[in-house]
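Since the structure comes first, as structure tokens, the remarks are kept for the end.
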Amino acid sequence: MKQVTIGNIPAFTSPNSMVLICTEKPDGSTNMATLAWWTIASTNPGKIMFAINKGAYTLELLAQNKEVVVAVPGVELTPALIGCGTCSGRDTDKAVKCQLTMQEIEGTAIKAPVPCKLLIHAAVAETLDADDHVVHLCDVKAVYGDEDVDAVFGWKGYAEFAAAQKK
Ligand SMILES: Cc1cc2nc3c(=O)[nH]c(=O)nc-3n(C[C@H](O)[C@H](O)[C@H](O)COP(=O)(O)O)c2cc1C
């Protein structure tokens, strides 16, 4: 084995799960931020966690509203992964910019793009300062899935995006 940097880790764990962190903006529209660093944290009760960089508008929206939808996008949303991860919702309507069709989700005003394989509706319970990121531990309220959608994964770290299985 050879020594590698922490930045090389995603290249060694590929394919990597990718999500869109969906939050509500003050005007009622939905902001979306591309995110790789998330996981299930507890199953009983259901909890998830994810890390948000300190420059992200999403951090402010989560602090204000304490509510999130973590969306696992279908492979058709590959361009949106790049689009939502390379600009800020402070000055951009990402749904418009990425030409997304948004779907309603039961029990929340937050919307999610179409198609998604999984939607996790959750409430922020705790945060932990992790230097350049803030870790969010969230209580899961509801989970919705569609087995017919192929999720998109990051390959070669996050250099390429594609489904994980050949059919
Ligand atoms: C492939 C990819 C993966 C990303 N993963 C993360 C992540 O795990 N955590 C994070 O804070 N930002 C991540 N980002 C960066 C955010 O998506 C980016 O900061 C975004 O502009 C935040 O949007 P906002 O300002 O509207 O919240 C990723 C971006 C890309 C393109």
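The numbers here are math on the coordinates, done by the rules we state, and not lab data. As the structure is a computational prediction, the values presented were derived from the model and not from experiment. As a convention, Cβ positions derive from the backbone with ideal geometry for all residues, glycine included, and neighbour counts pool all protein chains shown.
Charges only on Cβ, +1 for Lys and Arg, -1 for Asp and Glu: so what's the dipole of the chain about the Cα centre, in debye to the nearest 20?
On the way: 14 positive and 19 negative charges, 90 e Å.
Magnitude of the dipole: close to 440 debye.
Computed over the range 6-161, relative contact order equals 32 percent, with contacts defined as Cα pairs under 8 Å that lie 6+ residues apart.
Of E160, E67, how do they rank once you tally other Cβ atoms within 10 Å and put the fewest first?
Details: E160 12, E67 19.
Ranking E160, E67 by Cβ neighbours within 10 Å, fewest first, gives E160, E67.
Which residues in the range 26-50 have a backbone N closer than 20 Å to a point placed 7 Å from the Cα of A125 along the Cα-to-Cβ line? Answer for the range 26-50: 37-50.
Length gained on full extension, A51 to T13, computed as 0.36 nm times the residue gap minus the Cα-Cα distance: 11.9 nm. Note on W37 and D148: the model spin-label points, each 7 Å out from Cα along the C-beta direction, lie 3.7 nm apart. Taking a point 7 angstrom from the Cα of V96 along the C-beta vector, which residues in the range 17-38 have backbone N less than 18 Å away? Within reach of a label on V96: 23-33.
Can you tell me which of 92-101, 109-118 comes out highest on packing, and rank the rest after it, using the mean Cβ neighbours within 10 Å? Each step should come with its number before you reach the end.
Details: 92-101: 15.5, 109-118: 20.3.
Taking the mean over residues of other Cβ atoms within 10 Å, the ranking is 109-118, 92-101.
Using Cβ contacts closer than 10 Å as the measure, can you line up D139, D132 from fewest to most?
Details: D139 16, D132 9.
Ordered by Cβ neighbours within 10 Å, fewest first: D132, D139.
Residues F153, F50, ranked from the fewest to the most other C-beta atoms within 10 Å, line up as F153, F50. Among the GluC sites (Glu not before Pro) in the range 92-126, those placed in a DSSP loop whose Cβ has at most 16 other Cβ atoms within 10 Å are E106. Applying 0.36 nm per residue to the separation of V114 and N44 and subtracting their alpha-carbon distance, the gain on full extension is 22.3 nm. With bins 5 Å wide beginning at 0, the percent of Cα pairs of the chain falling in each bin runs 2, 9, 18, 22, 22, 16, 8, 3, 1, 0, 0. Taking a 32 Å limit on the Cα-Cα distance, which of the listed pairs K2/K66; K2/K47; K54/K156 fall beyond it? Table pairs above 32 Å Cα-Cα are K2/K66; K2/K47.
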